[in-house]
Every structure is written in structure tokens, then in C-alpha cells.
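Working notes, beginning with the structure itself.
The values are calculated or read from the model by the stated rules, or taken from the named source; none is laboratory data. Every value quoted in this text rests on a predicted model; they were computed, and no experiment measured them. Ideal geometry is used to build each Cβ from the backbone, glycine not excepted, and the neighbour counts take in all protein chains shown.
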Amino acid sequence: MQVQTRDHSDAIEDYEKALKFDADYVPAYFNKGNCHLAIAEYDDALVAYDKTLELQSNYKKVYVNRSKVYFHLEDYTACINDIEQALSLGVKDRDKRYLEMGNAYFELGKYEEAIQNYTKALEYQSEFYKAIVYRGQCYLRLNKFKEAEVYLNHCIRLNGSSGEGYYYRALCQIYQVNAGKIMQRLKKN
């Protein structure tokens, strides 16, 4: 990992040198931002990406990468805005962008919006494991246990060697049992 960090730091220095020769060299700012992102220097990555967009406002990959920075900084609204901008510019890998937007909504506690984005991701890739398991988790958070179980069972069918589907299905089953016990107590009172 140290070699990688050093390599990124060396690359950042070279991008800065390139920018001394041409202060408007868009690829240098973009790649400088990518290096900062790779070594978790998020504030510096934002500066580089912002400068890139100042020079070329329709650079869709910048919106994608800057959204990742915002996600790491827990600025989920800005993350969502950048993904929406990238989508409006016709970015590729739309399934991944909708997954990332769903994750940002999930972190905001907006589970219905997260489900909508995971659903859009599944429209592009119907067997997208992460979109399916995250959708199941949203239903679990919304106490919609039957819906959660449908998606979690689908996860297990897709990837039976992953513990994630089994883990969340177990939670779903426990929550259903506890909810049933609470309802029985309420009926007795």
C-alpha cells in the first residue's frame, strides 16, 4: 500500500508540473483528482475535480468520481446531485450509478428512494447481486418483511456462497417473530 500511495503522490507532483506549463490542462486536473481520491485525500480531490468542471462543465466522469468523494465525506445529497448530473450527460455503467445513488439514499434513511434506484439498476442488469441484496435490506428497514425475504432469497439463489443473503434473511426472520410476539401482547391488553 505504501508503494501505491507513493506512486500516486509522485503522479500528483507530475500533474502539478504539467499544470505549470498549461494551467487549463483539463486531463491533468481530472487525473490529479483521481490520485487524491485513490489515496483518500478527499478535500484535495474535490479541489481538482471542481477545477476540472470549471474548465469543462460536461465532463461526465468527473461527476461520477466527485460523487464518490462526496459519499466518503458523507455529503450524500451532493453525491446524489453529481450522479444525477452524470446520468443526464449520458454516462456509461448506468446500473452502477443507480446503485451508488441508491446507497446514498440508504445512508440518508430514505429507503423508498433507495429502492427506486436499486430497481433502476436492476432494469439495466437484472441479476445485479448488490442491487438485489441492498433492496432487501431497504425492505427490512421499512419492516416489510415479506418483500425483504423475496429479495434475500433471490440473493441466496444467485450467490449461495455469500453469507450476506443468509445474514439478512435471518434478521428478517427474527424481526418477523418479534413483531408477531409484540402483536400478540397488544391483542391481550
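Among the residues of region 143-167, write down those that are hydrophobic (A, V, I, L, M, F, W, C) and either within 21 Å of the chain's Cα centre (by Cα) or within 12 Å of Lys130 (Cβ to Cβ) (or both).
Ala148, Leu152, Cys155, Leu158
Considering Ser126, Ser57, which residue is farther than 24 Å from Asn31 by Cα, assigned to a loop (DSSP other than H, G, I, E, B) and either modelled with pLDDT under 95 or not hydrophobic (A, V, I, L, M, F, W, C) (or both)?
Ser126
Quick check, is Leu152 in contact (Cβ under 8 Å) with a residue 12 or more places away in the chain and either closer than 26 Å to Asp82 by Cβ or not in a helix (DSSP H, G or I) (or both)?
Judged against the criteria, Leu152 is not a match.
Looking at Tyr118, Tyr98, Tyr70, Tyr105, which is the one that is within 27 Å of Ile132 (Cβ to Cβ), touching a Cys at 6+ places or on another chain (Cβ under 6 Å), in a helix (DSSP H, G or I) and at pLDDT 95 or above?
Of the residues listed, the single one that is within 27 Å of Ile132 (Cβ to Cβ), touching a Cys at 6+ places or on another chain (Cβ under 6 Å), in a helix (DSSP H, G or I) and at pLDDT 95 or above is Tyr70.
Taking region 73-95 as the region of interest, how many residues are assigned to a helix (DSSP H, G or I) and in contact with a Cys (Cβ under 9 Å, 6 or more places away or on another chain)?
The qualifying residues number 0.
Which pairs turn up if I take residues in region 100-117 that are touching a residue at least 24 places away in the same chain (Cβ under 8 Å) and closer than 11 Å to Arg141 by Cα and look for partners that are of a type in the set (A, V, I, L, M) and in a helix (DSSP H, G or I) with beta carbon separation below 6 Å, at least 6 apart in sequence or on another chain?
Listed pairs, sorted by first residue: Phe106/Ala114.
Please determine, by comparing only the residues of region 19-67 that are surrounded by 21 or more Cβ atoms within 10 Å (Cβ to Cβ) and among the basic types (Lys, Arg), which one is farthest from Tyr98 (Cα to Cα).
Lys32
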